[in-house]
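The values are calculated or read from the model by the stated rules, or taken from the named source; none is laboratory data. What you see is a predicted model, and the numbers here were worked out from it, not measured in a lab. Counting neighbours? That spans all protein chains shown, and the Cβs are built from the backbone with ideal geometry, glycine included. Only protein heavy atoms, including side chains, enter the accessible area calculation; ligands, DNA and RNA are left aside. Shrake-Rupley method; radii C 1.70, N 1.55, O 1.52, S 1.80 Å.
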Amino acid sequence: VKPDLIIETGIAHGGSLILSASMLALLDLKDGHYDPKKRKVLGVDIDIRVHNKLAIESHPLFYLIEMIEGSSIENSVISRVENIASEYRSIMVFLDSMHTHEHVLAELNAYAPLVSKESYCVVFDTVVEQFPEGYYPNRPWDVGNNPKSALDSWLEDRDDFVVDTDISTKLQVSSN
């Protein structure tokens, strides 16, 4: 879909930010020009650890990355993301932070409206619903309380978003 902006909730070590920045850089190469303000990856995390932040900031593709530290469902963070998103035309969203039903539902309500038509809102780790109950003993999510349960609930009365079932014919493995 060639996004100009990718919004990612949940940074952790930053690998996904770097992957997304790589994809955006490839789009610029394909287009035959370089404009550091044309595309961006915006990462949001409640706790960006210093060593992870330093590693991300030292990466050659950091010029494509901006990070916001704070809860992805906090109103002030959502407002900052909306403000940044208003400068972009084609937006894709990756939700991959806290995996509880309530948190993912709040993220869907906050960030899905930012997704451009014909683009994607990717909800990570919906596969949690398929694991046996108690599979994640030290986590607050489980069967019935996870990204998939939130997504199913959110999609119930909507017709502006649909699950792209064709994606499973293109990928060998997906947990999203």
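Please label the shape of region 4-101 as rounded, prolate or oblate, based on the square roots a ≥ b ≥ c of the eigenvalues of the alpha-carbon gyration tensor (a/c under 1.5 means rounded; beyond that, a/b larger than b/c means prolate, else oblate).
oblate
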Please give the FRET efficiency for Val127 paired with Ser58, using the beta carbon to beta carbon distance and R0 = 22 Å, rounded to the nearest 0.05. 0.10
Please turn the phi angles of region 132-145 into ³J(HN,Hα) values with the Karplus equation 6.51 cos²θ - 1.76 cosθ + 1.60 (θ = phi - 60°), one per residue in order, whole Hz, x for glycine and proline. x, 4, x, 4, 10, x, 9, 10, x, 9, 6, 4, x, 9
What angle do you read, to the nearest 10 degrees and between 0 and 90, between the alpha-carbon axis of helix 101-111 and the longest principal axis of the chain? 30 degrees
Length-normalised contact order of the chain in % [C-alpha pairs under 8 Å, at least 6 apart]: 21 percent
Describe numerically, in nm with one decimal, the distance between label points set 7 Å from Cα along Cα→Cβ at Lys38 and at Asp152. 4.3 nm
To the nearest 10 square angstrom, what accessible area does Tyr135 show with a 1.4 Å probe? 120 Å²
Taking 18 Å as the cut-off for C-alpha to C-alpha distance, list the pairs among Lys2/Lys37; Lys117/Lys170; Lys2/Lys38 that go past it. Lys117/Lys170
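What full-extension length gain, to one decimal in nm, is calculated for Ala112 and Ser76 as 0.36 nm per residue of separation minus the Cα-Cα distance?
Numbers: separation 36, 0.36 × 36 = 12.96 nm, distance 1.69 nm.
Gain on extension, Ala112 to Ser76, equals 11.3 nm.
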Could you work out what % of the accessible surface of the chain is carbon and sulfur, using a 1.4 angstrom probe and leaving DNA, RNA and ligands out of the count? 52 percent
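To the nearest 20 debye, what is the magnitude of the charge dipole of region 34-176 about its Cα centre, counting +1 on the Cβ of each Lys and Arg and -1 on the Cβ of each Asp and Glu?
Working: 13 positive and 24 negative charges, 138 e Å.
Using only the charged Cβ atoms, the result is roughly 660 debye.
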From the backbone phi of region 62-74, what are the Karplus-calculated ³J(HN,Hα) couplings (6.51 cos²θ - 1.76 cosθ + 1.60, θ = phi - 60°) in whole Hz, Gly and Pro given as x? 4, 4, 9, 10, 10, 10, 10, 9, x, 5, 5, 10, 7
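Tell me the net charge near Gly144. Cut-off is 14 Å between Cβ atoms, Gly144 excluded, with +1 for each Lys or Arg and -1 for each Asp or Glu. Could the numbers behind the result be given before it?
Numbers: positive: Arg139, Lys148; negative: Glu102, Glu129, Glu133, Asp142, Asp152.
Local charge sum for Gly144: -3.
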Over the chain, give the accessible area per residue in Å² for a 1.4 Å probe, as an integer. 58 Å²
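What is the extension gain from Arg89 to His13, computed as 0.36 nm multiplied by their sequence separation minus the C-alpha to C-alpha distance, in nm to one decimal?
Details: separation 76, 0.36 × 76 = 27.36 nm, distance 2.79 nm.
Computed gain between Arg89 and His13 is 24.6 nm.
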How compact is the chain by the rule of thumb for globular proteins, expressed as Cα Rg over 2.2 N^0.38 Å? 1.03
For Lys53, give me every one of the aspartates and glutamates with a C-alpha distance below 13 angstrom, ignoring sequence neighbours fewer than eight places off in its own chain. Asp45, Glu66, Glu69
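Add +1 for every Lys or Arg and -1 for every Asp or Glu among the other residues with Cβ under 13 Å from the Cβ of Val163, and state the total. The partial results should precede the final answer.
On the way: positive: Lys148, Arg158; negative: Asp152, Glu156, Asp159, Asp160, Asp164, Asp166.
Result for the local shell: -4.
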